[in-house]
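This report concerns only the one structure given below.
The values are calculated or read from the model by the stated rules, or taken from the named source; none is laboratory data. If you're wondering where the values come from, they're calculated on a predicted model, not measured in any experiment. Cβ coordinates were reconstructed from backbone atoms using ideal geometry, including for glycine residues, and neighbour counts include every protein chain displayed.
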Amino acid sequence: MQGGEGGGHTGEVATTVLLPQVVDAVDVPVVAAGGFFDGRGLVAAPAYGAAGVAMGTRFLLTSDSTVPDAVKARYLAASVRDVTVTRAVDGLPHRMLRTDLMAAGQVAGVIDDLPSCAELVDRVMAEAAEVLDALPEGGAPTRA
Ligand SMILES: Cc1cc2nc3c(=O)[nH]c(=O)nc-3n(C[C@H](O)[C@H](O)[C@H](O)COP(=O)(O)O)c2cc1C
């Protein structure tokens, strides 16, 4: 499933609201998409019941991606508010950069580097391990 943060054709409901509904409604593994770009998301998605995450915009913005450098530069320069939803392309809601052509997830606004895919996967896994280590013993939230 893809929450509204995701790039390209998308819906109105944010991943944090849509994902638990989908997990509750179906009896098959759910892969969460829309707004994932780092190890925090990789840890958070299973907490919602997802089997894993799919990252579109994050892998588009890698040195291995065949997207032209000038186009990547436009994504990297974008802020979160530069990524909007329009029906101007084909009548359906489409999340894009404020350009004529470039589909993009909102995370384009928080991504500012072009790692290789291998570097990215290693980084996300390391971040996820750090996040898990930092959780309280047993994973239960505690009061400050
Ligand atoms: C440039 C771009 C093109 C996309 N094209 C398609 C597509 O043709 N079909 C599709 O099902 N999803 C498409 N998507 C959505 C991705 O498959 C994925 O669900 C989405 O990127 C996840 O959200 P994220 O960008 O926040 O990671 C596209 C996304 C981007 C950024």
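Numbers below:
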{"item": "When residues of the stretch 88-102 are limited to those that are at pLDDT 95 or above and out of contact with any helix residue (DSSP H, G or I) (no Cβ under 9 Å at 6 or more places or on another chain), the one farthest from the ligand (Cβ to nearest atom)", "result": "G91"}
{"item": "Pairs with Cβ under 6 Å, 6+ apart, first in the stretch 25-40 and within 18 Å of H94 (Cα to Cα), second within 14 Å of the ligand (Cβ to nearest atom) and of a type in the set (D, E)", "result": "G34/E5; G35/E5"}
{"item": "Residues located in the stretch 4-16, provided they are within 15 Å of L42 (Cα to Cα) and either assigned to a loop (DSSP other than H, G, I, E, B) or in contact (Cβ under 8 Å) with a residue 24 or more places away in the chain (or both)", "result": "T16"}
{"item": "Residues (within 7 Å of the ligand (Cβ to nearest atom) and either surrounded by fewer than 14 Cβ atoms within 10 Å (Cβ to Cβ) or hydrophobic (A, V, I, L, M, F, W, C) (or both)) located in the stretch 1-36", "result": "A33, F36"}
{"item": "Failed item, numbered, when Y75 is tested on (1) surrounded by fewer than 17 Cβ atoms within 10 Å (Cβ to Cβ); (2) of a type in the set (S, T, Y); (3) touching a helix residue (DSSP H, G or I) at 6+ places or on another chain (Cβ under 7 Å)", "result": "(1)"}
{"item": "Residue within the stretch 109-121 that is under 24 Å from G52 (Cα atoms), within 11 Å of the ligand (Cβ to nearest atom) and hydrophobic (A, V, I, L, M, F, W, C) present", "result": "yes"}
{"item": "Single unsatisfied condition, Y48 versus (1) more than 13 Å from the ligand (Cβ to nearest atom); (2) touching a residue at least 60 places away in the same chain (Cβ under 8 Å)", "result": "(2)"}
{"item": "Number of the exception - D64 against (1) in contact with a Phe, Trp or Tyr (Cβ under 6 Å, 6 or more places away or on another chain); (2) more than 11 Å from the ligand (Cβ to nearest atom)", "result": "(1)"}
{"item": "Condition met for F59 (within 11 Å of the ligand (Cβ to nearest atom), surrounded by fewer than 18 Cβ atoms within 10 Å (Cβ to Cβ), within 14 Å of the chain's Cα centre (by Cα) and closer than 19 Å to D122 by Cα)", "result": "yes"}
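Residues checked against (1) over 28 Å from D133 (Cβ atoms); (2) part of a helix (DSSP H, G or I); (3) not β-branched (V, I, T):
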{"position": "V23", "(1), (2), (3)": "no, yes, no"}
{"position": "V28", "(1), (2), (3)": "yes, no, no"}
{"position": "L42", "(1), (2), (3)": "no, yes, yes"}
{"position": "R58", "(1), (2), (3)": "no, yes, yes"}
{"position": "T62", "(1), (2), (3)": "no, no, no"}
{"position": "R81", "(1), (2), (3)": "yes, yes, yes"}
{"position": "T84", "(1), (2), (3)": "yes, no, no"}
{"position": "L92", "(1), (2), (3)": "yes, no, yes"}
{"position": "T99", "(1), (2), (3)": "yes, no, no"}
